[in-house]
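Participant: This structure is in structure tokens; I'll ask about it shortly.
The values are calculated or read from the model by the stated rules, or taken from the named source; none is laboratory data. Keep in mind it's a predicted model, so treat the numbers as computed, not measured. Don't worry about glycine lacking a Cβ; one is built from the backbone with ideal geometry, like all the others, and counts go over all protein chains shown.
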There are 4 protein chains.
Amino acid sequence: MSSGSIFVWEMLGTGILILMGAGVVANVVLKDTLGSAGGWLLINFGWGFAVFAGASIAAPSGAHINPAVTLGLAIADKTPWSQVPVYFAGQMVGAFLGAVLAWLAYKAQFDTHDNPAGTRGIFCTGPTVPSPVWNVVTEVIGTFVLVAWILLSPGAQETEGGLPQLGNSALGYAAVAFIVIGIGASLGGPTGYAINPARDLGPRIAYAILPIRDKGSAEWGYAWVPVVGPLIGGALAALLYLVLPVV
Amino acid sequence: MSSGSIFVWEMLGTGILILMGAGVVANVVLKDTLGSAGGWLLINFGWGFAVFAGASIAAPSGAHINPAVTLGLAIADKTPWSQVPVYFAGQMVGAFLGAVLAWLAYKAQFDTHDNPAGTRGIFCTGPTVPSPVWNVVTEVIGTFVLVAWILLSPGAQETEGGLPQLGNSALGYAAVAFIVIGIGASLGGPTGYAINPARDLGPRIAYAILPIRDKGSAEWGYAWVPVVGPLIGGALAALLYLVLPVV
Amino acid sequence: MSSGSIFVWEMLGTGILILMGAGVVANVVLKDTLGSAGGWLLINFGWGFAVFAGASIAAPSGAHINPAVTLGLAIADKTPWSQVPVYFAGQMVGAFLGAVLAWLAYKAQFDTHDNPAGTRGIFCTGPTVPSPVWNVVTEVIGTFVLVAWILLSPGAQETEGGLPQLGNSALGYAAVAFIVIGIGASLGGPTGYAINPARDLGPRIAYAILPIRDKGSAEWGYAWVPVVGPLIGGALAALLYLVLPVV
Amino acid sequence: MSSGSIFVWEMLGTGILILMGAGVVANVVLKDTLGSAGGWLLINFGWGFAVFAGASIAAPSGAHINPAVTLGLAIADKTPWSQVPVYFAGQMVGAFLGAVLAWLAYKAQFDTHDNPAGTRGIFCTGPTVPSPVWNVVTEVIGTFVLVAWILLSPGAQETEGGLPQLGNSALGYAAVAFIVIGIGASLGGPTGYAINPARDLGPRIAYAILPIRDKGSAEWGYAWVPVVGPLIGGALAALLYLVLPVV
């Protein structure tokens, strides 16, 4: 596949992922929405099926839609290192554009919201207990589960260089959605489960740039955590994969 | 397939969709029900599996059950333009009849409800923040995700002229249910995610006609938004499909 | 398949269905449980996956586990009328035994519950607004959706005389679970969605017999509604199936 | 498969299971988390998709990840008795390590929690109404459903010596996840559904050993219940399997 096509499909898939993922947080966080205060399980399902939609659309490029996945697949020798920068670029651009679209979808509700400083959480993650070391640990562990599943689950063998799926069918990427719902429910409590550097950094840039009414700080001091943690987690999962006994 | 058969299957499928979809909103909105005040995720699952049931039953006609889907498939050259009016007619009649059935299923609970003016939301959508432009934008974006997924997901290639499915199996249309649950959770907050002109207009007509106790206005001033927005969103998704690189 | 085998598999499958279904209501209704007051969606998922478990185990007999399904399949000429009484008997005995097991699983919690009269709802259904005619209508409509889906969904053609499934696989009956979750969310609000005469009558008999502390009335005056309504709904769905155009 | 490989895959799979399972309880129980007080359905989905992730990763060894499953499969003559101790060992070590990882993921939130004695429930189960006999009965019944489904569901025939799955695909073990979600919703109310001796004993040991701030008792007096109950339940399901008519 050409670099241009990889870029386009990853941009589209990550864009849909962030549009829907930032969307569900907007729905729960903002006050004038039908899902306001809808709870954590609503957020988990919103993000899980956002992954389903985004991965389905990015199927031609292997549906990475996550730099930590791309890194893990490269270390595991399933994606050429030469393609890694193209994947990263498509993912970052898509994440930024998806966040802009989510803001447009909720524009009227952003305008009526009464706690503008609280809208940063719609775009990017933050810790409930600030603690750089433990926040990184949490992101490492969550991403480790995701990438280990991608490399080790049944079906992974047939899917070279991408997410495992159910054949070439409409339900193909439902499995990764279930895994992401599970990770969110289980390991998302402390830091909001970025588990994807583009998912956090792209929308954080959008938050910093967009003309959101009375917005607060983009909290750049925390921005490295959801980038470094997931990359370490993805790499560790790939190293585990390389040392495990051949089945 | 004959025009008569298309009409019958689309009517049946859209009827089941709206029966269950209006039903879950009735369950949450009315006071004397077991799901009263059951929350947004309950509504998302209700509508999602309503799509599953309706699409499964409308499989012979490709399970459009949504004029925005039919329009997108026609622009993408997957459904003949000559069949489009028949699809629209079946969908509208089915949506109207499904709304009537939902009212009958909840007849006793409509009669004991203490806020009759609030029952319009059981039938048709409305914005949390009235703003015609932004309400249209929200509906465009939500429907764009739905129709883009229909045209681009794995499995779409094998499904000419209809919703992607998992083979000819009972789980066939579970995928589109997951997408609709995701869109509702993510993008349904501002306008109640019509994302389907028939889903909104058919039940709105039913609300206007049915002898519901002390009912309020059908809010015809808003009725164009959930018709125009979804049609634009479906068309934009089809245009994207046409310009994307061949895989 | 011999009558004895049909009886055994239907008894087992319906027993598991009711054990889990009555179990989830006990979990939500009783006060000393971890799911106490857990909400309608919890009940919907509990019953949905109860159907999944029960149908999976009753696969050899076609997984009817519901007299309304058996009746609909007989009218549609997919199950021999001579087998219908055996199906009914297995379903009723299984439903009774499943309710006894659910009571045993929650025995300590029944003993500490402070509203003994409220425990009838764990076993059998009741209307939020007593109205025999409209309660029947609700049960007719809910069961109609279930049986129409069973007869018309993709995959139904390959499954003679039973529930549609996904091949001979572990996920086989997940589809019917999604349909039942959807029906519960959408149409369960007024009467608690018996949509299955055995599901209601078997546990009602168990409630009347079991030595439950300070129990209340079994409400026999309502018992005909969740028997007659579902049978009518299943029959109507089969009649629709017979008059629809051949695809 | 060599004993060493069985040990490694069962350890990995059970480790992921407990990491995510203990994780979701931590998310709901601890106060400084995003899922705090998130409800029983959140816990059910967290544990269900924890099983999905763990079983997917342990596919090479048949994905038992539960001594009660291993025992049932041995009695049913599907797993050699000589391998049983290796399975048990891998499961216990994995469960212990998974609990340690869950604690690390929530370390900062453990440190700020204001009810340290209440953290035992994150690791191991306890009854809402202490009653050894009835608590055992509840665990027997819940595990019986799980192992009966494993032995009797469609797809079980093709899966010798392990959990039924959907082919060798990414969605393979989604079915057992749905069953576990159902068991949790339905039968988890009285005792927290250990239904797996390793799931309870491994994390209980971890709780006793880990330097958790102001932690309470590990309640060793109850520890035999979630070991003995599930083993009896798994054995009973296997005995049922052996006496049922051949299909």
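Participant: Among the residues of the range D:219-237 satisfying the criterion of being over 15 Å from D:Pro130 (Cα atoms) and among the aliphatic types (A, V, I, L, M), which is surrounded by the fewest Cβ atoms within 10 Å (Cβ to Cβ)?
Facilitator: D:Val228
Participant: Would you confirm whether or not the range D:198-206 contains a residue that is farther than 19 Å from D:Ala68 by Cβ and more than 9 Å from chain C (Cβ to nearest Cβ)?
Facilitator: For the range D:198-206, residues farther than 19 Å from D:Ala68 by Cβ and more than 9 Å from chain C (Cβ to nearest Cβ): present.
Participant: Can you go through B:Val145, B:Val137, B:Val129 and tell me which one is touching a Leu at 6+ places or on another chain (Cβ under 6 Å), at the interface with another protein chain (Cβ under 7 Å from one of its Cβ atoms) and closer than 18 Å to A:Trp103 by Cα?
Facilitator: Sole residue among the options that is touching a Leu at 6+ places or on another chain (Cβ under 6 Å), at the interface with another protein chain (Cβ under 7 Å from one of its Cβ atoms) and closer than 18 Å to A:Trp103 by Cα: B:Val137.
Participant: Modelled with pLDDT of 95 or more and closer than 29 Å to C:Ala108 by Cα: does that describe D:Val86?
Facilitator: no
Participant: Would you call A:Leu187 of a type outside the set (D, E, K, R), modelled with pLDDT of 95 or more and buried (at least 23 other Cβ atoms within 10 Å of the Cβ)?
Facilitator: yes
Participant: Among the listed residues A:Ala223, A:Ala177, identify the single one that is hydrophobic (A, V, I, L, M, F, W, C) and more than 12 Å from chain D (Cβ to nearest Cβ).
Facilitator: Going through A:Ala223, A:Ala177 in turn, just one is hydrophobic (A, V, I, L, M, F, W, C) and more than 12 Å from chain D (Cβ to nearest Cβ): A:Ala223.
Participant: Given the criterion more than 14 Å from chain A (Cβ to nearest Cβ), over 25 Å from D:Leu239 (Cβ atoms) and in contact (Cβ under 8 Å) with a residue 24 or more places away in the chain, identify the matching residue among D:Val100, D:Val93, D:Val69.
Facilitator: Among D:Val100, D:Val93, D:Val69, only D:Val93 is more than 14 Å from chain A (Cβ to nearest Cβ), over 25 Å from D:Leu239 (Cβ atoms) and in contact (Cβ under 8 Å) with a residue 24 or more places away in the chain.
Participant: Restricting attention to the range B:34-61, which residues are touching a residue at least 12 places away in the same chain (Cβ under 8 Å), surrounded by fewer than 24 Cβ atoms within 10 Å (Cβ to Cβ) and part of a loop (DSSP other than H, G, I, E, B)?
Facilitator: Within the range B:34-61, no residue meets the criteria.
Participant: Among the numbered criteria (1) of a type outside the set (Phe, Trp, Tyr); (2) at pLDDT below 95; (3) in a helix (DSSP H, G or I), which single criterion is violated by D:Met1?
Facilitator: (3)
Participant: Look at the range B:16-29 and say how many of its residues are more than 7 Å from every other protein chain (Cβ to nearest Cβ) and within 14 Å of B:Gln109 (Cα to Cα).
Facilitator: 4
Conditions tested, residue by residue: (1) over 13 Å from the mean Cα position of the chain (by Cα); (2) more than 30 Å from D:Leu104 (Cβ to Cβ).
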{"site": "A:Ser169", "(1), (2)": "yes, yes"}
{"site": "A:Val176", "(1), (2)": "no, no"}
{"site": "A:Ala185", "(1), (2)": "yes, no"}
{"site": "A:Arg199", "(1), (2)": "no, no"}
{"site": "A:Tyr222", "(1), (2)": "yes, no"}
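Participant: Here's something else I'd like to know. What are the residues in the range D:212-226 that are part of a helix (DSSP H, G or I) and touching an Asp or Glu at 6+ places or on another chain (Cβ under 7 Å), if any?
Facilitator: Correct list: D:Val225, D:Pro226.
The rows are residues; the columns are (1) within 20 Å of C:Ala58 (Cβ to Cβ); (2) in a loop (DSSP other than H, G, I, E, B).
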{"residue": "D:Phe178", "(1), (2)": "yes, no"}
{"residue": "D:Pro190", "(1), (2)": "no, yes"}
{"residue": "D:Gly202", "(1), (2)": "no, no"}
{"residue": "D:Gly234", "(1), (2)": "no, no"}
{"residue": "D:Ala237", "(1), (2)": "yes, no"}
{"residue": "D:Tyr241", "(1), (2)": "yes, no"}
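Participant: Suppose we keep only residues that are of a type in the set (S, T, N, Q) and in a helix (DSSP H, G or I) within the range D:4-33. Which one would you say is surrounded by the most Cβ atoms within 10 Å (Cβ to Cβ)?
Facilitator: D:Thr14
Participant: How many residues does the range D:62-82 contain that are polar (S, T, N, Q), touching a Gly at 6+ places or on another chain (Cβ under 9 Å) and assigned to a helix (DSSP H, G or I)?
Facilitator: 1
Participant: Tell me which residues, restricted to the range A:118-176, are in a helix (DSSP H, G or I), surrounded by fewer than 22 Cβ atoms within 10 Å (Cβ to Cβ) and not hydrophobic (A, V, I, L, M, F, W, C).
Facilitator: Of everything in the range A:118-176, those that are in a helix (DSSP H, G or I), surrounded by fewer than 22 Cβ atoms within 10 Å (Cβ to Cβ) and not hydrophobic (A, V, I, L, M, F, W, C) turn out to be A:Gly118, A:Arg120, A:Gly121, A:Pro132.
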